[in-house]
Amino acid sequence: MPHDSFTSPAKNFRGLKGSVSADNTDEAINDDELAMRKAGEAASRRYQAAEWLRQMDRGALGTLSKEPSEEEFHLALRNGLILCSVLNKVNPGAVHKVVESPLLDVPSTEGAAHFAIQYFENIRNFLVAVRDMKLLTFEVSDLEKGGSSNKVVDCILCLKGYYEWKQAGGIGVWRYGGTVRITSFPKSSSSLVGSSDSIDESVDESESSQYDQLLDLIHFSNEVFTDEPRITNVLTFLFDHFALGLLQAYIRESDRVNDLTLNAVVINALLSKVVEDFSTLIVSQGNRLALFLENILKGERGMQSKAQFIEAISQYLQQRKSLTSTDLSEFCTCSGKREVVQPRVVNGCNHVDIFHLHGKHIEELKFYHQETKLEIKEIHSIWEEELQRLYDHVKRLEVISSSYQKVLEENRQLYNQVQDLKGTIRVYCRVKPFLPGQLNKQSVVDYIGESGNIMIVNPLKQGKDTRKVFTFNKVFGTNTTQDQVYEDTRPLVRSILDGYNVCIFAYGQTGSGKTYTMSGPDPTHEEMWGVNYRALNDLFHISRARLDVIKYDIAVQMIEIYNEQVRDLLVSDGSSRRYPLCYLLTK
Ligand SMILES: Nc1ncnc2c1ncn2[C@@H]1O[C@H](COP(=O)(O)OP(=O)(O)OP(=O)(O)O)[C@@H](O)[C@H]1O
């Protein structure tokens, strides 16, 4: 019988002690004393029930005394008015229709019989409602003479317990007569109080609820520190449930106990064993939890946030929840019929599990939603800061760039001013060396000065006309290299790209070395390049370096002026060698 599965240790112990007394005269309890004690206890409970009904229903003050006899008690409740009125206060609307009549004490006439039938309807409606609420019920006949007053009292006290629990917020565990009867969420409108058939289910559902409550509490960790009564309820339930299951399992399942006569020694030994095993189990659970938490703290990733830590503990509790349900189902069997009970528990838990699982998922989603919102907000503000920084940076670069352009312009102007100061027209003189195999090696150059002077000797003339001094910007001696000659021309190439017009040409008689200086004797060797090659080389080099700022178009034209005729040297077709000229564009 499932009901027995959840009786308290005290009750069990009393039951066991009674069994022992049958075999042990030393501990036997006198039957009369026992009957008196029972009657006293029953009366006390009846007075308690009456007192509560009087408090709950004003009508009861007139019809129900404070300490009614069993008969008075039955008589006052028989029409069902007090019971229906009280039940409707505990659970509004539980009894829809209540038959009320002033003819309560009418003796057995036809009208009274009619009302008696209607009163019977009151009681029946009351019992149906109580059964729907899954509270303890009684039979209609229990209110008749010879009926079980105890069952009626049980029902009323159970209703009282439920009412007080509901008044307290409907959270956690409530007890009736030392027996754990119910747990429920505040959100659940109906109670799960077990009639004897539903106790197993209610407790397993309750257990599930308790675990979910515990998970809820951990999720909202702030509550953990503030809602102590709630936690106490949850933990008390878990403890009671497990401890009672454990004790019961020992008593029911142990063959040794069945064979033994239960006396104080056996029970003490049994309880010691239970306590020992239970302690071991708690220590092992504690160790597991400690190990688990240690692993979390030492984990490779490390704890990144409080939320992750809580999530990890929640997962652990979820695992423990399923394990513990299985463990307890082994203890909480009904008359040893494990296989009958378990499917019912599983079926009973499925709906609750699914419901709570969905609830938990929604909570988790809400939590992640909030977290994601916060993260997005953070990222958004970081981006905004970053953008602002970039904007400031670009502004600064703009300022720097414009001042850089100014400096460049200034530099360009100064540079070209220097070129102007050096002279817009510069004339250089290069002295050709004697070529190998040349017979007459008498030079006319007497002296080459540092500041561009050259003294020429003319042996054919006499006197002061023998020597004559000529002045140039610079005079290059016979040993001057191609590079040294170009060195003075190089700055002018940059001026070209700054927008100045520059003209470089060689002048001299035939064979004096114009081609040698301007083109060079061998274009395949860079060191032998003349002014033209070197100037073009610099031109392309500087224009490439300035590509980001300026794009230059470079054109090449080659002409010959001979006998006052201008000829285009880049045209291969001989017929059109004369003017107009052909341009060679380079990019
Ligand atoms: N500085 C020099 N060093 C060595 N050899 C030179 C030098 N200048 C000219 N020569 C040589 O002198 C010869 C004549 O030079 P080049 O052809 O350059 O004269 P040119 O003035 O161009 O003559 P033309 O007017 O007839 O074309 C060439 O063989 C050249 O290699």
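Considering only Cα-Cα distances, which of the following residue pairs are longer than 28 Å: Lys97/Lys160; Lys38/Lys89; Lys38/Lys145; Lys97/Lys360; Lys134/Lys366; Lys89/Lys360?
Working: Lys97/Lys160 22 Å; Lys38/Lys89 31 Å; Lys38/Lys145 19 Å; Lys97/Lys360 40 Å; Lys134/Lys366 34 Å; Lys89/Lys360 33 Å.
Going by Cα-Cα distance, Lys38/Lys89; Lys97/Lys360; Lys134/Lys366; Lys89/Lys360 fall outside the 28 Å limit.
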For segment 416-431, Karplus couplings with θ = phi - 60° (6.51, -1.76, 1.60), whole Hz, Gly/Pro x: 6, 5, 4, 4, 4, 5, 5, x, 6, 10, 10, 10, 10, 10, 10, 8
How much length would be gained if the chain were fully extended between Leu435 and Glu311, taking 0.36 nm per residue of separation minus their Cα-Cα distance, in nm to one decimal? 34.9 nm
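Among 483-490, 133-140, how do they line up from the highest to the lowest mean number of other beta-carbon atoms within 10 Å? Each step should come with its number before you reach the end.
Details: 483-490: 15.4, 133-140: 20.1.
Most protected by this proxy first, the peptides run 133-140, 483-490.
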Rounded to whole Hz, the Karplus (6.51, -1.76, 1.60) HN-Hα couplings of segment 546-557, x for glycine and proline: 9, 4, 5, 9, 10, 10, 9, 9, 10, 10, 10, 9
Taking the full set of protein chains and a 1.4 angstrom probe, give the accessible area of Arg45 in square angstrom, rounded to the nearest 10. 70
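Can you tell me the length gained on complete extension of the stretch Leu460 to Arg58, counting 0.36 nm per residue apart and subtracting the Cα distance? Numbers along the way, then the final one.
Numbers: separation 402, 0.36 × 402 = 144.72 nm, distance 16.05 nm.
Using 0.36 nm per residue and subtracting the Cα-Cα distance, I get 128.7 nm.
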Could you give P(r) for segment 129-173, binned at 5 Å from zero, as whole percent values over all Cα-Cα pairs? 5, 22, 24, 22, 13, 7, 5, 2
With a point put 7 Å past each Cα toward its Cβ, work out how far Lys360 is from Cys503 in nm, to one decimal. 9.7
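Can you tell me the length gained on complete extension of the stretch Glu384 to Tyr562, counting 0.36 nm per residue apart and subtracting the Cα distance?
Taking Glu384 through Tyr562 to full extension adds about 56.8 nm, to one decimal.
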Please give the peptides 355-361, 392-398, 85-91, 118-124 ranked by average Cβ packing (other Cβ atoms within 10 Å per residue), highest first, as a rough proxy for protection. 85-91, 118-124, 355-361, 392-398
Given H placed on each backbone N at 1.01 Å, which residues far from Asn453 in sequence or on other chains put an amide H within less than 5 Å of it? Phe472
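Please work out the FRET efficiency for the pair Arg426 and Val394, using the Cβ-Cβ distance as r and a Förster radius of 45 Å; give the result to the nearest 0.05. Intermediate values should be presented prior to the final figure.
On the way: r = 46 Å, r/R0 = 1.01.
For Arg426 and Val394, the calculated efficiency is 0.50.
Please compare each pair in Lys474/Lys551; Lys406/Lys474; Lys474/Lys514; Lys461/Lys514; Lys406/Lys551 to a cut-off of 24 Å on the Cα-Cα distance and tell me which ones are over it. Let's see the in-between values first.
Working: Lys474/Lys551 35 Å; Lys406/Lys474 35 Å; Lys474/Lys514 16 Å; Lys461/Lys514 28 Å; Lys406/Lys551 19 Å.
Result: Lys474/Lys551; Lys406/Lys474; Lys461/Lys514 exceed 24 Å.
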Show the residues, 5+ positions off or on another chain, whose built amide H is closer than 5 Å to the amide H of Met558. Leu569, Leu570
Quick numbers on segment 508-573, Rg and Dmax over C-alpha atoms in Å, give 15.4, 45
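The values are calculated or read from the model by the stated rules, or taken from the named source; none is laboratory data. Small disclaimer: the values here were computed from a predicted structure and weren't measured. Positions of Cβ are backbone-derived with ideal geometry, glycine not excepted, and every protein chain shown enters the neighbour counts. Just the protein is used for accessible areas: all its heavy atoms, side chains included, with ligands, DNA and RNA removed. Shrake-Rupley method; radii C 1.70, N 1.55, O 1.52, S 1.80 Å.
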